[in-house]
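Encoded as structure tokens, the structure appears first; notes follow it.
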There are 2 protein chains.
Amino acid sequence: MTIDQIVSQIKIKKSFLCVGLDVDLDKIPEHLLKSEDPIFDFSKSIIDSTAPFAIAYKPNIAFFESYGLKGWKSLGKVIEYLNLNYPEVFTIADAKRGDIGNTSLKYAKTFFEIYNFDAITVSPYMGEDSIKPFLDYKEKQTILLALTSNDGANDFQYLINNHIPLFKLVISKSKKWTKNNNLMYVVGATKAESLKEIRILVPDAFLLIPGLGAQGGNLEKVSEQGMNDNCGLIVNSSRSIIYADSSIDFAEASAKEAEIIQRAMSKKLKEKGVI
Amino acid sequence: MTIDQIVSQIKIKKSFLCVGLDVDLDKIPEHLLKSEDPIFDFSKSIIDSTAPFAIAYKPNIAFFESYGLKGWKSLGKVIEYLNLNYPEVFTIADAKRGDIGNTSLKYAKTFFEIYNFDAITVSPYMGEDSIKPFLDYKEKQTILLALTSNDGANDFQYLINNHIPLFKLVISKSKKWTKNNNLMYVVGATKAESLKEIRILVPDAFLLIPGLGAQGGNLEKVSEQGMNDNCGLIVNSSRSIIYADSSIDFAEASAKEAEIIQRAMSKKLKEKGVI
């Protein structure tokens, strides 16, 4: 999926919301547990109910993986369902992969070919040749960790080299790794104060912003500091949307949560002149 | 598996060799492709033939993952086969995982519980809370990327903060994250020149050293610079052992390659007074 296609969706839906599918069998409504594939059934209901308000879905691979073969089977069904029924939405494998070149090539094949995702999150620690195999898929988006939403971000991401913190070096180095306009960055919603400086480095890049809701990120601040003429933001919420309610009406509750966020997003998009 | 158990194996087998299972259907002997599960059959033959010379096996998860469900099924059989038939060998999931706490918890569950591995490789970029869930498994080993074997290591791992390169800061910070003697580090065999300095920071820690063989690492140098009284090294070779030959006699060829390395290792262990 190209950036133009993503921007087009943002304008049509007046939204830059990504719904994170962190599907946990201990948290989904109990009545679903009797079905043959509760992981898929839950995901499908969430997707169907929130699709009017979301432009992207982000299955968190760890959650699927933790159910072994059954989880991978469910993941295959979820991505197939998205591809078939909502081909316009942007699908992100939240996998944080990255390894030496010949191994990253295998990860890229897995998520871009076998599971036809539009994008994958990757980790920068191993440098250029660990990310290149993903970037070589020109029609796919590679989303590199820059400044993450968790406390541990303070351990290494702010370390200063020649007056520049690591997360900025990751951005300024990596932006030279592709000419295909297919590199995005992860910046935690809890790190809104750094968005202005990041925008100086990559005024045009799309940023995937996790951490809204359960992790405490703030949509107003994020939009104020990070939005560009194309929106340039995809803001993710997982738990606060998908676990909005645990009754039989869970999907409507999720839709309501998603709609509340979409309305706030629509307002920001208008304020900033994107729509 | 505890460090004592690993050291005991090193002394019994006079070896600190890890065989990396980077199983690629394009590279395994052709006659195996007719079998129902060539990935497992190939892995099983390699394990059986090299087990007298190796103390550890390291399935490269990317390779298994890239075959989808079939690959995960094969991975399950490989780890089960190792656990049942070679309970004394140290099993490493080479997965380079790492995410926010609640997500890393899922990855830890996957590899430590569902697939009963003894260890997993993880990436430090997201800091302490992304690694803690792995370390909380006291009987399992967590192996943190420090200085990797690939060219991309030069992009960020050597960046200097307060006169100290990032890979050393990763080591000196992370060593405080556990008191369970269950944290190891990845240091590429191509980076032998840094092993002496790493040993000053973590004289007792075990180091997983990939990059011998196809990637150009040198066993002599690595042992000279990195070995401690307990050996403290697990040196991995993948391609040069498992693809030593593509005929029907591939397993014997792999055994021969493994034995050549084991003999060189035995010599170094004696020289250094470990055995």
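Here, each number is a calculation from the coordinates, and none is a lab measurement. Note that the structure is predicted; figures quoted are calculated from it, not measured. Positions of Cβ are generated from backbone atoms using ideal geometry, with glycine treated the same way; all protein chains shown enter the neighbour counts.
Kindly point out which whole DSSP H helices in chain B project their C-alpha atoms 20 angstrom or further along the helix axis while averaging a Kyte-Doolittle hydropathy of -0.5 or above. Span-like helices, by this rule, are B:68-85. For the pair the range A:235-275 / the range B:54-89, the C-alpha centres are spaced 41 Å from each other. Averaged over peptide A:144-150, the number of partner chain Cβ atoms lying within 10 Å of each residue's Cβ comes to 4. Model label sites at B:Asp4 and A:Asn218, defined 7 Å from Cα along the beta-carbon direction, differ in position by 5.3 nm. Normalised by the number of residues in the range B:1-124, the average gap of Cα pairs under 8 Å and 6 or more apart makes the relative contact order 25 percent.
Give me the net charge for the shell around B:Asp99: Cβ to Cβ below 9 angstrom, other residues only, Lys and Arg +1, Asp and Glu -1. Each step should come with its number before you reach the end.
Working: positive: A:Lys96, B:Arg97, B:Lys106; negative: A:Asp94.
Residues near B:Asp99 contribute +2 overall.
Cross-link pairs exceeding 20 Å between alpha carbons, from the set A:Lys132/A:Lys176; B:Lys11/B:Lys175; B:Lys106/B:Lys138; A:Lys196/B:Lys173; A:Lys34/A:Lys73; A:Lys13/A:Lys270: B:Lys11/B:Lys175; A:Lys196/B:Lys173. Amide hydrogen proximity for B:Gly188: with H placed 1.01 Å from N in the peptide plane, the residues at 5 or more positions away or on another chain lying under 5 Å are B:Leu147, B:Thr148, B:Ser149.
Using a 10 Å cut-off on Cβ to Cβ distances, tally the other chain neighbours for every residue of A:67-79 and report the average as a whole number. Walk me through the numbers on the way to the answer.
Details: counts 4, 9, 7, 0, 4, 6, 3, 0, 2, 2, 0, 0, 0.
That works out to 3 on average.
Give the calculated FRET efficiency between B:Lys77 and A:Asp26 to the nearest 0.05, with a Förster radius of 25 Å applied to their Cβ-Cβ distance. Each step should come with its number before you reach the end.
Details: r = 28 Å, r/R0 = 1.12.
Step by step, r from the Cβ atoms, then E = 0.35.
Rounded to whole Å, the principal axis extents of the Cα atoms in chain A read 57, 46, 34, largest first.
Between the range B:105-166 and the range A:159-177, the alpha-carbon centres lie 21 Å apart. Under the simplified labelling scheme, the A:Ile164-A:Asn228 pair shows an inter-label distance of 1.7 nm, with each label point 7 Å from Cα along Cα→Cβ. Evaluated with a Cβ-only charge set (Lys, Arg +1; Asp, Glu -1), chain A carries a dipole of roughly 840 debye about its Cα centre, given to the nearest 20.
Over all other residues within a Cβ to Cβ distance under 11 Å of A:Tyr125, the charged ones net out to 0, with Lys and Arg as +1 and Asp and Glu as -1.
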